[in-house]
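To start, the structure under review is shown below, and the notes come after it.
Derivation of every value follows stated rules applied to the coordinates shown; laboratory data play no part. Just so you know, these numbers come straight off a predicted model, no measurement behind them. Note that each Cβ is placed from the backbone with ideal geometry, even for glycine, and that neighbours are counted across all protein chains shown.
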Amino acid sequence: MSDFPSIQDITPPIQQASGRTPSVSSDDGKTVLQKKMDEIDIKDKEAKTADFASSIGFPHIDLSRFPISHNALKQIPLAQAQALSAVCFFLSQEELRVGALHPEDETVQTFLKELENKNHAHGALYVISEHSLSHVLDIYRALPTIDVMTKDVQIRPEDLERVQADIDDFKTVQTLLERASATDAITVILGAGLKLGASDVHIESEQENVMVRLRLDGVLHDAATLSTELFQMIISRIKLVSSLKINITDTPQDGRFTIRLNTGDVDVRVSTIPTVYGESIVLRLLRQSREGLTLDSLGFRGSAYEKLMSEIARPNGMVITTGPTGSGKTTTLYAIMHILNKPGVKIITLEDPVEYRMDGVNQSQIDHSKGYTFATGLRSILRQDPDIAMVGEIRDLETAEISVQAALTGHLMLSTIHTNSASGAIPRFLSMGVKSFLLAPALNAIIGQRLVRRICQSCKKDVQLDAVYAERAHQAIDTLPTLAKEEASARPFVFSLGSGCAQCHGLGYKGQIGLFEILLVDQDVEVLILTGQMSEYDLQKIAVAQGMVTMFQDGVLKALEGLTSLDEVFRVIE
């Protein structure tokens, strides 16, 4: 057993950092000198434990410095860990590691063999000190029952319905949380997010307390505050179910879990980061149902709708969506795939992560830890001979070049890129290093988009515009292409706002709609690309000459229809 590598070779130890100046005394009444003496005593005992390990031919590990996942901990229930004086501290598909006070004990070695058979993994025993064992047992006690935990969160429908029935607005969320236990608090927070239609739940550590915020229709709203004590129990529970390292608080972590509901599954993507006041956590709620997803429901209208339908009907080329994070790019691609997903058509996607399930589409998720990146994954899926390939994001030259080559060799490529407008996508490709003579014939169309909130139709009322807003709205309408200008001019120059009601939880808005612009890569644009000497402004000018309705103009038209407000249009465009 002495041939096993040191655990430090498998995973580097976590570097503990404090940055605090030692005080004269601590909360537990110990002075700085006493704490220093304790540290020396612990180091001395660890050194003796290391000597003991060497004498019996086993490696030594200090678990107070090692990140331990709940998947590893739950291999040995707490009672058994106490009885054996042994804990499982590392688990992967191929390897597992157990630390024990006396690994030479036959009972411990027999138990290791049982774990090896159960996990089909190669195991090894390490010597740990009393201090390490106590440290890990404290982690056990700080958590809910580990040995019965599964990765899927079972929220009983009746519990969720009870919580949601009590939630009318943000104030009721605070009331429910004040009388909830740690387990119930998670049900309340997730139930509130689902009831109010939130896309994200943010739980943020602050100096005095912890703030719970919900992102509704792209805007964050303060929902409630938590005590620091309750938050620590909540974050431990969330880390537990999302397979995060429980005892790591100074390093960002990402995980996920699934809420199983009668109405359909909800995937929850979990992200934690350390802050100056402790950890903050974001839960992204991904509802798997994509029923009724159409270009019309997203907000495509008139010439933009017709142009897009024409371009996605082509057998090859690239259709790119652009915009900042949270502008609905992936949702637009799913709406396009919904149209193209027909018998006889093979569609493969490469995503990070796979956000929505779609029947009839082969969906693949990248995994950086295994070298399965957008570039390597795209090469692989093209060997599957798809008619249509969707890549979640083009962010590097290798992925861009493979996508362009695929578009030129008979595939319809759908993807996204981060730019502020449709005309900004082409300079972005060129700045990556894509050759202009390949890019020009590969591109079909570029969609620029933003999301704005819809006015609540239950409390919508007409409003009087101020002079500045009125002048800019008139200017946007006057510069529209002829047909769109005639249609807009025929409407009354009246705009609306929501006053706030029970249906929209007092916000005046309910749901979202997209603002779009579509740049077609015609002969004029191709010539400009081939020169390699164009600016975003030059491309925008040509696109407008083509008859492109800009995102701002599209927003004014939708505000004129009463779908959104001019305040929203200015908020996301200006």
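A few remarks follow.
- Placing unit charges on each Cβ (+1 for Lys and Arg, -1 for Asp and Glu) gives the stretch 295-573 a dipole about its Cα centre, and among L497, L465, T325 the Cα reaching farthest toward its positive end belongs to L497.
- Stretch gain in nm, segment Q365-N117, where the contour uses 0.36 nm per residue and the Cα spacing is subtracted: 86.3 nm
- Extended-chain gain in nm, criterion 0.36 nm per residue less alpha-carbon gap, T376 and E471: 29.1 nm
- The dipole here belongs to the chain: it is taken about the Cα centre, uses +1 on the Cβ of Lys and Arg and -1 on the Cβ of Asp and Glu, and is about 820 debye.
- Qualifying chymotrypsin sites (Phe, Trp or Tyr not before Pro) for the stretch 486-519 [loop in DSSP, other Cβ within 10 Å: at most 14]: F493
- Above-threshold pairs, the threshold being 29 Å between Cα atoms, out of K510/K541; K346/K485; K195/K346; K245/K346; K461/K485: K510/K541; K346/K485; K195/K346; K245/K346
- Looking at the stretch 152-287, the DSSP beta bridges with both ends there are about 90 percent antiparallel.
- For the chain, the longest piece that avoids every one of the trypsin sites (Lys or Arg not before Pro) found in DSSP loops with at most 11 other C-beta atoms within 10 Å covers 180-382.
- For the chain, the 222 nm mean residue ellipticity estimated from helices alone, with every DSSP H stretch of n ≥ 4 adding -39500 (n - 2.57) and the total spread over all residues, rounds to -12000 deg cm²/dmol.
- Beta bridges per DSSP, both residues in the chain: antiparallel share near 65 percent.
- Ordering G218, L285, S205 by the projection of their Cα atoms onto the charge dipole of the stretch 152-287, which places +1 on the Cβ of Lys and Arg and -1 on the Cβ of Asp and Glu, puts L285 at the extreme positive end.
- On the basis of the beta-carbon distance and an R0 of 56 Å, K48 and Q503 show a calculated FRET efficiency of 0.25.
- Hypothetical label at R141: residues of the stretch 241-285 whose amide nitrogen lies under 20 Å (7 Å Cα-Cβ projection): 246-248
- Y277 paired with D184, simple spin-label distance in nm, labels 7 Å along Cα-to-beta-carbon: 2.6
- Length-normalised contact order of the stretch 231-389 in % [C-alpha pairs under 8 Å, at least 6 apart]: 14
- Net charge, H135 excluded, C-beta distance under 10 Å - Lys, Arg +1, Asp, Glu -1: -2
- Whole-Hz couplings from phi, Karplus 6.51/-1.76/1.60, listed for the stretch 426-437; x for Gly and Pro: 5, x, 5, 4, 5, 5, 5, x, 5, 6, 4, 6
- Amide proton proximity set for L293, modelled H, under 5 Å, gap of 5+: none
- Cα-based reach from K370 at 17 Å (exclusive), listing aspartates and glutamates while leaving out same-chain residues under 8 positions away: E94, E95, D254, E351, D352
- Summing Cβ point charges (Lys, Arg +1; Asp, Glu -1) relative to the Cα centre of the stretch 458-571 gives a dipole of roughly 560 debye.
- Short-range pairs are left out: with C-alpha atoms under 8 Å and at least six residues apart, the relative contact order of the stretch 152-287 is 24 percent.
- Using θ = phi - 60° and Karplus 6.51 cos²θ - 1.76 cosθ + 1.60, couplings along the stretch 468-477 (whole Hz; Gly, Pro as x): 5, 4, 4, 5, 5, 5, 4, 5, 4, 5
- Other-chain or far-sequence residues with amide H under 5 Å of C456's (modelled H): G498, Y509, K510
- Principal-axis analysis of the Cα atoms of the chain puts helix 228-241 at an angle of about 80° to the longest axis.
- Placing R0 at 56 angstrom, the Cβ-Cβ distance between L397 and K485 gives a FRET efficiency of 0.85 after rounding to 0.05.
- Net charge dipole, the stretch 152-287: roughly 380 debye, given to the nearest 20, about the Cα centre with Cβ charges of +1 for Lys and Arg and -1 for Asp and Glu.
- Residue by residue, the stretch 265-271 carries 3J(HN,Hα) couplings of 6, 10, 7, 10, 8, 10, 9 Hz when phi is fed to the Karplus relation 6.51 cos²θ - 1.76 cosθ + 1.60 (θ = phi - 60°); x denotes Gly or Pro.
- Extension gain, F493 back to D567 (0.36 nm per residue minus Cα-Cα distance, nm): 25.1 nm
- Across the chain, Cα pairs under 8 Å and at least six residues apart give a relative contact order of 10 percent.
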